[in-house]
1. Taking amide hydrogens as modeled 1.01 Å from N in the peptide plane, which residues meet the under 5 Å criterion relative to Ser206, leaving out close sequence neighbours?
2. Looking at the stretch 94-130, which trypsin sites (Lys or Arg not before Pro) are DSSP coil and have at most 16 other C-beta atoms within 10 Å of their C-beta?
3. Explain nothing, just compute: Karplus ³J(HN,Hα) = 6.51 cos²θ - 1.76 cosθ + 1.60, θ = phi - 60°, for every residue of the stretch 180-196 in order, whole Hz, x for Gly and Pro.
4. Order 430-436, 307-313 from most to least packed using the mean count of other Cβ atoms within 10 Å.
5. Compute the projected area of the convex hull of the Cα atoms of the stretch 25-128, averaged over all viewing directions, and report it in nm² to one decimal place.
6. With a Cα-only, solvent-free Debye model of the stretch 137-285, what are the log10 I(q)/I(0) values at q = 0.10, 0.11, 0.15, 0.21 Å⁻¹?
7. May I ask for the distance between the Cα centers of the stretch 207-237 and the stretch 160-177, given as a whole number of Å?
8. Report the label-to-label distance for Lys300 and Ile183 in nanometres (one decimal), using points 7 Å from each Cα along the Cα→Cβ vector.
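No value in this document is a laboratory result; all are computed from the given coordinates. Just so we're clear, the structure is a prediction, and the values are computed from it rather than from any experiment. Note that we place each Cβ from the backbone using ideal geometry, even for glycine, and neighbour counts take in every protein chain shown.
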Amino acid sequence: MIIRKPHPSRILFTVLMAATTLCKAQTVIKPGDNSFDKKWLKNGTYEMACYSLDGAGNKTEISTFIFEINTSSGPLSIYTTLKVPGSDDQWLDTSIVDGNTFKPVYRSSFSRNREMVLKYDKEITGYHYDKHTKKRNTIKEPVKEAFFDNYSYPYLLGLLPLSSGYNADMTVYDYKPSNTTNIKKTLIQEVKNSLHVSELTGEHKSWQVSVYEEATDEKSEYYIDKETRRLWKVEVFAKGQHILMVDKETDYNPFKSTFDKAATLKLLKSGSAVISGEAFARDNQNEGALGGIAVVNINKKQYARAGTQIVLIPYTEFFKEWMKLNEASRKKGRAIPLPADVAECMKVTTVYDDKGHFEFVNLMPGDYMVYTEFGYVHTSIRSEVTGYTDTYINGLYQGTATHTTSNAYNGNAAATIKKVITIKKEGEKVDIKLKKTL
C-alpha cells in the first residue's frame with residue numbers, strides 16, 4: 001500500500017476553508033436569550049398601505065394593514081387587521097408571545113377563506129379550517145425545540161442589535177396543512193445602512209434588514225428606523241410578485257393648536273346666518289391701454305357650471321395653522337394631509353343655476369373660508385408680423401412699415417378661488433363674489 005502525503009498547500013487550503021466557514025457561521029437566536037433589547041418595545045397602533053408593484057414599478061393598492069402592539073398586560077400582544085379597498089372582507093390575526101422570552105403563547109387567524117387557532121405549551125394544539133373545502137384539521141404535535149411564531153418574529157426584528165453586516169438564524173413555527181414539517185428556518189441574511197424618505201416627515205436613517213423565509217420561499221426587505229426602531233417599510237418578493245407595505249403615519253401630528261370637532265360642527269349647523277354668492281371668471285384678453293384690465297361687456301363673465309362644488313371651511317386657528325404648515329411643507333416637495341376630523345367639518349354645496357349662484361345656510365357667527373375650482377375657456381390674443389413695406393421718396397429711403405395681424409386663441413383654463421368671509425352676528429346674510437381674472 002502506498003500512502004501519499006497531502007501537499008502542504010492543500011493542508012493550508014483546508015485550514016483556511018474551515019476558518020472561513022467558522023467565521024461565517026450565523027448567530028442562532030432563540031426565545032429567552034439576550035439578543036433582544038426590550039427598551040425598543042412601544043405600545044401603539046400603526047397603519048400601512050399595501051401595494052402590488054408591476055415590472056415598471058407602478059403601484060396598485062391592494063389592502064390596508066393595521067397592527068396594534070400592546071405590552072401593558074405582561075405578554076406582548078400583536079393584533080392585525082387587513083382590509084381590502086371596496087370590500088367588507090377583513091383578515092383578523094392575533095399573535096401573543098411571552099413578554100420576557102418572546103416564546104409563543106397563542107396564535108389565531110380568521111378570514112373569509114379560513115380559521116386557525118394555535119395554543120403553544122408543551123405541545124402545540126388547535127385546529128385549521130378551510131372554508132372552501134370544508135376540511136377541518138386538528139392540530140396536536142409535540143414541541144421538540146425552541147422556536148418563534150412566524151407571525152410575531154417580524155415585530156421582533158427591531159429589538160435585535162442591528163448593525164452593518166449583522167446576520168442570524170431564527171427557527172419559526174409556520175403551520176400549513178400541506179407541510180411535512182411546520183418547523184422552518186428564517187435567515188437574517190444581511191443588515192446595511194439605508195434611508196427611508198417619508199412624504200410627511202422627510203428622511204429617516206434606517207437599517208435595511210434582508211430576511212429569507214424557508215417556509216414560504218419569500219425574501220423580504222425591512223426598513224427599520226435607527227433611532228426609534230419604527231418599521232417604516234417592507235418589500236416582499238415571492239412567487240414572481242413584488243409587494244410593498246409603507247407606514248401611512250396616521251399618528252403624525254405637527255400641530256400646536258387643538259381641534260374641537262364638536263364646536264366646529266356647531267358653527268356649520270346651529271346658526272341662522274347665510275352666505276350666498278356667485279362664482280365666475282373674467283378672461284382678460286386685452287392688450288395696449290386695456291392690458292391687465294377686466295372691462296365689463298368686453299371681458300364677459302364665465303360662470304361656474306351648475307353642479308360645481310363650493311366648499312365652506314370654518315377658518316379656525318387649527319385650520320390656519322394647517323394652511324401655514326402645509327404651505328411650508330409643499331416648498332420641500334411634501335404635503336401635510338388634512339386630519340380626518342377636520343376634513344369631516346367642511347360644508348359642501350353646489351352651484352344651482354347657469355349664473356354661478358350658490359348658498360350656505362344655518363351658519364353661526366365666525367370666520368369662514370369659501371373655496372372652489374372650475375374650468376372655463378381662456379382666450380388670448382397674439383400679434384404676429386405678416387410682412388414689411390419699405391417707403392422711398394425720390395429714391396431716398398424714408399422708413400419701413402411693419403404689418404401685423406392679431407389672432408385669438410382659445411384654450412382650457414382652471415379657476416381656483418378662495419376667500420375668507422366673516423359673519424358678525426346671528427341671522428346675518430352675506431353676499432359674496434368668487435371671481436378670478438386672468
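1. Ser194, Leu195, His196, Lys226
2. Values: sites: Arg107, Arg112, Arg114, Lys119, Lys122; in loops: Arg112, Lys122.
Here the sparse-neighbourhood loop sites are Arg112, Lys122.
3. 7, 9, 9, 8, 9, 9, 10, 10, 7, 7, 7, 10, 8, 5, 8, 9, 9
4. Numbers: 430-436: 15.7, 307-313: 17.9.
The densest-packed peptide leads the list: 307-313, 430-436.
5. On the way: hull surface 40.8 nm².
With the hull built on Cα positions only, its mean projection is 10.2 nm².
6. Log10 I(q)/I(0), no solvent term: -0.57, -0.63, -0.88, -1.33.
7. 10 Å
8. Reported label-point gap for Lys300 and Ile183 is 8.5 nm.
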